[in-house]
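First the structure, in the form of C-alpha cells, and then the observations on it.
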Amino acid sequence: MGRDKALEEKLSKIISEEKPDLIDVQGVEFSFGESVMNVNPPCPVAVTLQGMADGIADIYLKGVPLKELLFGRSKNDNKRLSGLIERKVMMKIRGLKSNRIIKKAKYCIGRTHYDKAEALRINPKIKYHSCNRILRNDFYSVQWNIENANPHKLFGIRSETPAKGLHYAIKVVAKLKEKYPDVLLEVPGGFRISEDDNHIASYPKYIKKLLEEYDVKDNIVFLPSLNPAEISEHMLSSRAFWQYSVMENSPNSLAEAQVMGVPTVASDVGGTSSYSQDGVSGLLYELENTDECAEKISRIFEDDELCLHLSAKGKQAATERHDVKKNTDTLVSVYRNIISQ
C-alpha cells in the first residue's frame, strides 16, 4: 500500500496548528504510524509498542497441520481469499510495516524484555523507555476467593486466531478429562464455531474437528464477547486463568487475572515471563509440552495451598506493576525525558 497523502496533509495541518511537544504513536502495526513518520514533525515522536506483529507473523500458524492449511479451507475462505495462509501473509505485511516504523523512530516505549529485545534488534539505535500499563478499573477492586471457585473450571482467552493457541489447549483439556471428567474451559470472545460449513472460517472449522476428535465438546464452552464486569465474574468463579497463546508481548488478560488474585497458568512465550515468575506469581509451561501444561493445571486443581500462594504473589506483583499513580508518573517522566533530548 502506498502513502496516504490525504492523511499526511491532515496530520501536517493538525501538528502545525496544535504545536505538540511530543507525539506518541500507540502501536506500530497500522498505517497511521507510518504517516506520522512521513510528515516528519518538528517535535519528537515516540512509538508505544503493543503486539509485535513481525513476531506474531513468524509463528502465526504454529501447530496447525499443513493438510488443514491446504485442504481444510471453507467455501467462504476460497471466495474471499481469507484463509489462514492469506491471514499469515497479511500479518507478515503488517509486521514489515511495523518494522519500517520502528527503524524510523528515535524513541520507543515498551513493557517487557521481549519487546525491548525486538525493538533493539530492528533498530539498534532506538532509545527504549519502559512504562507499564494501567489496567481497566473494574479489575482493581475485586478479589478472588478459593471458596467461591469451581474446582475444575478454567477461564481462557479470546481465541479467534491460531496465534492464540486454542488448538493446543484442546489437546490439554483432553488429557485433563482423563483425570477430571468435569473439567471445563470457558473461551470468551464470540468465537464463531456454530456457523455452517459454507460460511465458517477455516480456523473455527479446524477447531470443530479437534473438538470431535478429542471428545471435549462438552468440556469447552464458547462465551460471547464480555464486558469487564462479566469477565471478572467468570474469572472469579474459576480455579485459574489459563493463557495458552502461541505468542504474547504484554498480556493484559493475564495481568487482569493476577490483579484480582486469580491463580494463573500460562505458556512461556514472548514477554509473558516479564509478567509471571514460574512457581511464584504464576505457573509457566513450554508451549508445545502439553503433558507439562496438564500437569501444572492438575497441581492447581489439587493443591489449595499452591493456589493461595499463586493468588497472593500474583496479586502483589500485578498490583505493583500496574499501579495507577506510579505508571502515570513514569509516563510523564518518560515524555519529559524524550522532550529534553
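The values are calculated or read from the model by the stated rules, or taken from the named source; none is laboratory data. All figures in this text were calculated on a predicted structure; none of them were measured in a lab. Reconstructed Cβ throughout: ideal geometry from the backbone, glycine too, with neighbour counts over all protein chains shown.
Details
- G95 being in contact with a strand residue (DSSP E or B) (Cβ under 7 Å, 6 or more places away or on another chain), part of a helix (DSSP H, G or I), surrounded by 15 or more Cβ atoms within 10 Å (Cβ to Cβ) and not hydroxyl-bearing (S, T, Y): no
- Residue count for segment 168-191 under the criterion of being within 18 Å of F301 (Cβ to Cβ) and either of a type in the set (S, T, Y) or at pLDDT below 95 (or both): the result is 1.
- Neighbours by Cβ (under 6 Å, 6+ apart or cross-chain): first from segment 229-248, in the same structural domain as E302 (by TED's automatic domain parsing) and surrounded by fewer than 22 Cβ atoms within 10 Å (Cβ to Cβ); second modelled with pLDDT of 95 or more and in a strand (DSSP E or B): H234/F155; H234/E186; S237/N150
- Restricting segment 283-308 to residues that are among the aliphatic types (A, V, I, L, M) and without any contact (Cβ under 8 Å) to a residue 60 or more places away in the chain leaves a set whose member that is surrounded by the most Cβ atoms within 10 Å (Cβ to Cβ) is L283.
- Annotation for segment 75-86: at least one member residue is loosely packed, with under 14 Cβ neighbours inside 10 Å, in contact (Cβ under 8 Å) with a residue 12 or more places away in the chain and under 20 Å from K205 (Cα atoms).
- Residues that are surrounded by fewer than 21 Cβ atoms within 10 Å (Cβ to Cβ), among the hydrophobic types (A, V, I, L, M, F, W, C) and touching a residue at least 40 places away in the same chain (Cβ under 8 Å) within segment 54-68 comprise I59, V64, listed in sequence order.
- Restricting segment 138-181 to residues that are without any contact (Cβ under 8 Å) to a residue 60 or more places away in the chain and outside any loop (DSSP other than H, G, I, E, B), the residue that is surrounded by the most Cβ atoms within 10 Å (Cβ to Cβ): V173
- Segment 28-52 residues that are touching a residue at least 12 places away in the same chain (Cβ under 8 Å) and more than 12 Å from K106 (Cβ to Cβ), paired with ones that are of a type in the set (S, T, N, Q) and surrounded by fewer than 17 Cβ atoms within 10 Å (Cβ to Cβ) (beta carbon under 6 Å, 6 or more apart): V39/S12; T48/Q26
- Exactly one residue out of M37, M90 is under 21 Å from the mean Cα position of the chain (by Cα) and part of a helix (DSSP H, G or I): that is M90.
- Against the numbered list (1) surrounded by fewer than 15 Cβ atoms within 10 Å (Cβ to Cβ); (2) within 21 Å of the chain's Cα centre (by Cα); (3) of a type in the set (A, V, I, L, M), A119 comes up short only at (1).
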